[in-house]
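Please treat every number below as a calculation from the coordinates, not as lab data. Please read all numbers here as calculations on a predicted model, not as lab measurements. Here Cβ is always computed from backbone atoms with ideal geometry, including for glycine, and neighbour counts include all displayed protein chains.
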Amino acid sequence: MKIEDIGLSLSEEQELKQLLSKSKKLPHEVEDIWAIMDFVWDEIGCDNKKLDYDKIEKFYRHPVWLLNGFFIEQHDLSMQHRNAISGWLFKKNLKLVLDYGSGFGTLARLIAKKDMTISVDIYEPYPSKYVISRFKDYSNIHFVSSFDKQYDCLVGIDVLEHVPDPLKLFSKMVRLVKENGYLIIANNFYPVIKCHLPYTFHLRYTFNKFTRLMGLELIGPCEGSHATIYRKRKAVPFNWWRIRIYERVSRVLFLFLKIAHFPYRIFSKAFKKVLR
């Protein structure tokens, strides 16, 4: 499909054409789209260690996120993950779902298509007019900018690695879910792309500890996807003194784990060569 046939605004269309002309190749793999997004991050002048929120907002409003959305919908593994999540929700017969940080809205559309009785709210802090226009024919999808209810399930796919205080944001997500409701969370606390903030990387080892501190039960992986399912057994008061202490410990442990992992990788590669 040609960019001019999609229905973007003239400025979005021109920006994407210009961006693709600067790219060495069209995005066929995840690493390709990450490289293009890194290019935009650098061009805007963002820094993932010294955050300039005006520049960060400009990045998240950039049409490169539309390109990322188009890529997801053509990428087999990305669609497999989203189909698995929407299928799990359909089987559980959950009727009120929040897609938090929806981005392009692909998952919300899949959920809504599977069952028109499911009401899907989308919370996206940087919505584009094009993305909103894609849902005009879905009576069971609604964009929200604030919250006045609790949900049977909240889905947060690749959100927390983008924010400077992921535990604070996650606590807000937990509050939005009813008791005995579910959270489906997928995190990527790795430096695979520059907009993943290094402040968050320690959580790749300890995130489940914090979910327990916030009253959640680990159900397990959402089969066929990269997401994990949690159940909110009960609403508990968050002990932020304890959470922040654990966070500090997690950061220190992460430094030691990184140091220990380096020689492990060296010896692992050497050992593999010996076995050849």
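Some points to look at:
- Over segment 3-72, relative contact order from alpha-carbon pairs under 8 Å, at least 6 apart, %: 32 percent
- Electrostatic dipole magnitude of segment 125-168 [Cβ: Lys, Arg +1; Asp, Glu -1; Cα centre; debye, to 20]: 240 debye
- Springs between Cα atoms under 10 Å define the GNM used for the chain, and in it the highest mean-square fluctuation of I259, I36, I193 occurs at I259.
- Scalar couplings 3J(HN,Hα) for segment 102-119, obtained by applying the Karplus form with A = 6.51, B = -1.76, C = 1.60 to θ = phi - 60°, are 5, x, 7, x, 4, 5, 4, 5, 5, 4, 5, 5, 5, 7, 6, 8, 7, 9 Hz; x denotes Gly and Pro.
- Dipole-positive endmost among Q14, N180, N48 within the chain (Cβ charges, Cα centre): N180
- Antiparallel %, DSSP beta bridges [both residues in the chain], to 5: 35 percent
- Candidate aspartates and glutamates for bridging to K194, where Cα separation is under 15 Å - those fewer than 8 sequence places away on the same chain excluded: E31, D32, D38, D42, E43, D47, D52, E57, D158, E161
- Taking trypsin sites (Lys or Arg not before Pro) across segment 141-213, the ones in a DSSP loop with at most 13 further Cβ atoms lying within 10 angstrom of their Cβ are K149.
- Calculated Cα extents along the principal axes in Å (choose from (i) 56, 43, 38; (ii) 51, 47, 43; (iii) 74, 67, 37), label: (ii)
- Segment 3-72, dipole about Cα centre (Lys/Arg Cβ +1, Asp/Glu Cβ -1), debye to the nearest 20: 160 debye
- The stretch between F39 and I259 holds 76.3 nm of extra length on full extension. This uses 0.36 nm per residue minus the Cα-Cα distance.
- Long-range amide H partners of G181 with built H, under 5 Å: K232
- Compactness ratio for segment 3-72: Cα radius of gyration over 2.2 N^0.38 Å (N = residue count) comes to 1.11.
- Spacing of the two label points (7 Å from each Cα toward its C-beta) at L51 and D76, in nm: 3.7 nm
- Of K91/K114; K50/K209; K114/K178; K113/K232; K49/K172, pairs whose Cα-Cα distance is over 20 Å: K50/K209; K114/K178; K113/K232; K49/K172
- Ordered from longest to shortest, the equivalent ellipsoid semi-axes for segment 79-232 are 23, 18, 15 Å, each the square root of 5 times a Cα gyration tensor eigenvalue.
- Rg/Rg_globular for segment 150-245, with Rg_globular taken as 2.2 N^0.38 Å and Rg from C-alpha atoms: 1.03
- Note that segment 138-146 has calculated 3J(HN,Hα) couplings of 9, 6, 9, 10, 9, 7, 10, 10, 8 Hz, one per residue in order, obtained from phi through the Karplus relation 6.51 cos²θ - 1.76 cosθ + 1.60 (θ = phi - 60°); glycine and proline are x.
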